[in-house]
């Protein structure tokens, strides 16, 4: 009886320690930190206020919404996401055509493999969408990525 009592107390102590460490970390251990930065290499500057979306390529339901956030003044963003395969989409709005780094591209791409760029009229200006497909986030360690929105000539 005494051994059972000691065993139960040890199990309870281990559970409490596990719960408190999860609370102290402040996040689910099944998520990964994904840090990034959106830049314009042609002007050597960060892109502030860009809308960055992560779309889980494994989820197919209409209710599965992408996670989104705006970049700060340094072009930085941070997500806490589950490991998986994602499409990254960056949207930037421009008031004047001369501001757009890819205005002459019909089938634009960036230096990133698997990228595409779409430039189209939107409200009172122009919207540039940079899409990177097949971005893998693995469990275990934080991921960091710089996204350059400047187009390069597509290779045909």
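FYI, it's all coordinate maths here, none of it is from the lab. Model, not experiment: these values are computed from the prediction. No Cβ is skipped: glycine too gets one built from the backbone with ideal geometry, and neighbour counts run over all protein chains shown.
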Can you tell me, using C-alpha contacts under 8 Å and at least 6 residues apart, the relative contact order of the stretch 31-148 as a whole percent? 34 percent
With 10 angstrom as the radius, rank 78, 71 by how many other C-beta atoms surround their C-beta, starting from the fewest. 78, 71
Just subtract the alpha-carbon distance of residue 144 and residue 35 from 0.36 nm times their residue separation and send over the number in nm, one decimal. 38.8 nm
Fully extended contour minus Cα-Cα distance, from residue 120 to residue 64, at 0.36 nm per residue: 17.6 nm
In the stretch 31-148, how does Rg compare with the Kirkwood Rh, expressed as the Rg/Rh ratio over alpha carbon atoms? 0.97
Label residue 72 and residue 42 with points 7 Å out from Cα along Cα→Cβ: what is the distance between them in nm? 2.8 nm
What nm value, rounded to one decimal, do you get for the distance between residue 87 and residue 113 when each label is placed 7 Å out toward the C-beta? 2.0 nm
